[in-house]
Structure formats: structure tokens, C-alpha cells
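Novice: Structure incoming, see below.
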Amino acid sequence: MELTINHLTKTFQNTTAVDDLTCTLSAGVYGLLGVNGAGKTTLMRMLCTLLNPTAGSITWDGEDVFSLGGEYRRLLGYLPQDFGFYPDFTVRDYLLYIASLKGLRPGPAKARAEELLRQVGLTEARNKKMRKLSGGMKRRAGIAQAMLNDPQILILDEPTAGLDPRERIRFRNLISELSQDRLVLLSTHIVSDVESIAGEILLMKGGRLVSSGTTEELTARVPVRAWRCLIPREETARYERIFQVSNLRPVPQGMELRILSETQPIPGAAEEPVTLEDVFLYHFGEQGGNDHGEV
């Protein structure tokens with residue numbers, strides 16, 4: 001089970017959305033992390049054969065996925081960020097309709113739909129119309145439709161977008177349950193969504209893969225350290241210009257800052273462990289030091 005992406009490029013007119021990207025994915029959960037516009041959705045649409053690449057290739061166990069055609073698509077489960085549905089279908093009817101489009105026979109489709117309704121926690125809502133579901137319930141229905149064919153490759157594009165914290169936790173737990181013996185690629189710009197469940201994280205910026213690895217590998221690789229320090233509140237703006245600030249919090253004594261810096265930013269600053277959120281800020285956040293000043 002190996003999905004190989006080799007020098008993959010996708011250009012739209014004068015814009016390169018995916019730029020010479022190469023990586024190999026096998027069974028496990030991968031988090032594709034990047035800001036909006038990084039090229040994540042374009043990459044996922046090519047992995048699902050919905051877009052043809054401008055250059056490069058995608059192979060599954062050594063065979064080109066576009067040549068495999070329907071044979072490859074039968075291995076896929078895909079949840080786009082905005083998935084379509086008929087609003088007056090019940091949840092159960094929606095799943096059975098999607099099952100028919102995927103070529104499942106009626107008997108197995110009904111059994112599989114009931115199993116997935118239970119797994120995603122929608123058994124009691126099976127007869128509720130899709131338009132009456134909450135955002136979290138719709139996303140769970142979306143996961144269920146992606147899992148109908150028991151895919152070997154599960155691709156999820158921003159699956160927790162718009163969900164409240166409770167539903168995001170439920171969703172992450174669900175993905176962990178569904179990830180056994182399959183390849184799961186989860187795209188997001190929310191660090192906490194991948195930090196707890198992804199075995200490997202891919203950082204994508206400007207269409208390129210800028211880094212990849214486990215959380216521990218990524219945090220060890222950045223050339224900065226994290227520091228917590230206390231400053232007068234009126235100095236906050238100046239520090240934000242000079243340093244990369246990952247967090248600030250007003251306290252009775254002034255302002256408490258978390259700063260990313262290779263060296264101790266001010267005397268008395270306490271070093272803390274670097275987190276994945278710090279890594280995200282280092283690669284994607286605004287860089288401090290625009291005025292090249294000193295404290």
C-alpha cells in the first residue's frame with residue numbers, strides 16, 4: 001500500500017497551485033498542514049483524479065492512478081470541504097443514494113449504511129432530513145458517505161471547518177477509529193486537528209512541501225527556541241515588530257509574551273518546549289524584525 005507523488009505540478013494560467021511536489025505515503029494518518037491558498041485542495045483533487053496534473057505523476061503501488069481509472073477510484077473515499085447533498089433526503093436515503101452511485105448492491109449497501117450510521121453517531125438521526133442537521137452532523141454524514149466503499153485511501157479536505165470544539169474533538173476521535181489499515185490524508189490549517197492524530201505531518205506552503213515528519217521531528221528541526229517573557233504593556237507593539245510572537249497575554253504585571261527566537265530575547269526570559277503551533281508560526285506566520293531593531 002503505497003501512494004507515490006513524484007514531481008507533481010499543477011498550473012492554472014499564470015498561477016502554480018502545486019509546485020514540483022514529491023512524497024510517498026503508506027498506511028497511517030497524515031496531516032496536510034498549511035494556510036488557506038497553500039495548494040492543499042488542488043493536491044487532494046489531483047489525488048482523487050478530479051484534476052489532471054500539469055506535470056509529474058501519482059502512482060498507487062507503482063501504477064499510474066489516471067491509467068487505473070475506476071479501479072483506483074474504487075479504493076478512494078473523499079470528503080471535500082463543501083460536499084453536495086439533496087437537502088430533502090434523509091440521512092439514511094442520502095447514504096443509500098451515494099452507495100448506488102458507488103456501485104454497491106442494495107443489500108450490502110443497507111447493511112453498510114446502518115453500520116456507518118452507528119459508527120459516526122447518527123443512528124437516531126437516520127430519518128432526519130439533511131437540511132435539518134447541524135454542521136457537525138453534516139460532516140459526520142460526509143465521513144459516512146466517504147467510508148461506504150470501505151476505502152483503502154481516505155482523503156479529507158478541511159473536515160472540521162466551522163465546527164465547534166466539542167464536534168472537532170468528536171471528529172478527531174472518529175478519524176482515529178477509521179484509520180486502521182488504511183491511508184488517511186487530512187488537510188487543515190488548524191494545528192490541533194492533526195497534532196493529536198497524525199503520525200506524520202506535511203507542511204505545505206506556496207504549493208511546495210516545505211517540511212515533513214512527526215511532531216517531534218518538526219519541532220526539533222526548526223532553528224528557533226520558544227521563550228516566555230514579561231514586558232511593560234506599552235512595549236507590546238515594538239516587541240511584535242522585532243520578534244516573532246506566537247502568543248501574548250495580559251497579566252497584572254504587564255504583558256506576557258511567547259517569543260520565537262534563536263537566542264534569549266531579553267534577560268530573564270524562560271525557555272519552553274517548542275510546539276507544533278510554534279512550527280506552524282515559524283513557517284507560515286509573519287516574521288518579526290521588520291525594523292531590524294534591538295530591545
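The values are calculated or read from the model by the stated rules, or taken from the named source; none is laboratory data. Not measured: the values here are computed from a predicted model. Here the Cβ is made from the backbone with ideal geometry for all residues, glycine too, and neighbour counts use every protein chain on show. To get the accessible areas, we keep the full protein, side chains included, count just its heavy atoms, and leave off ligands, DNA and RNA. Shrake-Rupley method; radii C 1.70, N 1.55, O 1.52, S 1.80 Å.
Novice: List the residues of the stretch 246-271 whose backbone N lies under 13 Å from a point placed 7 Å from the Cα of Leu230 along the Cα-to-Cβ direction.
Specialist: 250-257, 268-270
Novice: Roughly speaking, what is the stretch gain from Asp150 to Tyr86, that is 0.36 nm per residue apart minus the C-alpha to C-alpha distance, in nm to one decimal?
Specialist: 20.8 nm
Novice: Springs between alpha-carbon atoms under 10 Å, Gaussian network over the chain: tell me which of Gly34, Gly199, Gly70 tops the mean-square fluctuations.
Specialist: Sorting by GNM fluctuation, first place goes to Gly70.
Novice: To continue, here is another question. Stretch Ala55-Glu177 to full length: gain in nm at 0.36 nm per residue minus the Cα-Cα span?
Specialist: Additional length available on full extension: 40.4 nm.
Novice: In Å², what does the accessible area per residue of the chain work out to with a 1.4 Å probe?
Specialist: 49 Å²
Novice: Using the alpha-carbon atoms, what tilt in degrees (0 to 90, nearest 10) does helix 165-178 show relative to the longest principal axis of the chain?
Specialist: Tilt relative to the chain: about 60 degrees.
Novice: Given the options Leu95, Leu218, Ala146, identify the residue whose Cα lies farthest towards the positive end of the charge dipole of the chain (+1 on Cβ of Lys, Arg; -1 on Cβ of Asp, Glu).
Specialist: The one lying farthest along the dipole's positive direction is Leu95.
Novice: Can you sort Arg241, Arg112 by 1.4 Å-probe accessible area, starting with the largest?
Specialist: Arg241, Arg112
Novice: May I ask what percent, to the nearest 5, of DSSP beta bridges between residues of the chain are antiparallel?
Specialist: In the chain, approximately 65 percent of DSSP beta bridges are antiparallel ones.
Novice: Compute the helix-to-body angle for 135-146: its Cα long axis versus the longest principal axis of the chain, expressed 0 to 90° and rounded to tens.
Specialist: Roughly 50 degrees, rounded to the nearest 10.
Novice: Could I ask something else about it? To test your reading of the geometry: what angle, between 0 and 90 degrees and rounded to tens, separates the Cα axis of helix 106-119 from the longest principal axis of the chain?
Specialist: The two axes meet at around 30 degrees.
Novice: Compute the length gained on full extension between Ala237 and Thr22: take 0.36 nm times their separation in residues and subtract their Cα-Cα distance, giving the result in nm to one decimal.
Specialist: Contour length minus the Cα-Cα distance gives 73.4 nm.
Novice: Then there is this: Taking the Cα centre as origin and putting +1 on Lys and Arg beta-carbons and -1 on Asp and Glu beta-carbons, what dipole magnitude results for the chain, to the nearest 20 debye?
Specialist: 1480 debye
Novice: Of Gln81, Gln152, Gln264, which has the largest mean-square fluctuation in a 10 Å C-alpha GNM of the chain?
Specialist: The residue that fluctuates most here is Gln264.
Novice: Taking only Cα atoms and a 10 Å spring cutoff, compute GNM fluctuations for the chain and point out the largest among Tyr86, Tyr94, Tyr72.
Specialist: The residue with the greatest mean-square fluctuation here is Tyr86.
Novice: For Tyr97 and Glu216, what is the calculated FRET efficiency with R₀ set at 45 Å and r taken between the beta-carbons, to the nearest 0.05?
Specialist: 0.55
Novice: Between Gln13 and Asn127, what's the calculated FRET efficiency when r is the beta-carbon distance and R0 is 51 Å? Round to 0.05.
Specialist: For R0 = 51 Å, the calculated efficiency reads 0.65.
Novice: If you don't mind, there's one more thing I want to ask. So, with a 1.4 angstrom probe, what is the percent of accessible area on the stretch 146-286 that is carbon and sulfur?
Specialist: 47 percent
Novice: Hey, another quick one. Any idea how far the Cα center of the stretch 5-25 sits from the one of the stretch 194-253, in Å?
Specialist: First find each Cα centre; the distance between them is then 27 Å.
Novice: What is the spin-label model distance, in nm, from Phe66 to Asn6 if the labels are put 7 Å beyond Cα along the C-beta direction?
Specialist: 1.4 nm
Novice: In deg cm²/dmol and to the nearest 500, what is the mean residue ellipticity at 222 nm of the chain if only DSSP H runs of at least 4 residues count, each as -39500 (n - 2.57), divided by the residue total?
Specialist: Computed mean residue ellipticity for the chain: -9000 deg cm²/dmol.
Novice: Related question: Each label point is 7 Å from the Cα along the Cα-to-Cβ direction; what then is the distance between the points at Asp164 and Asn247, in nm?
Specialist: According to this spin-label approximation, the distance is 2.4 nm.
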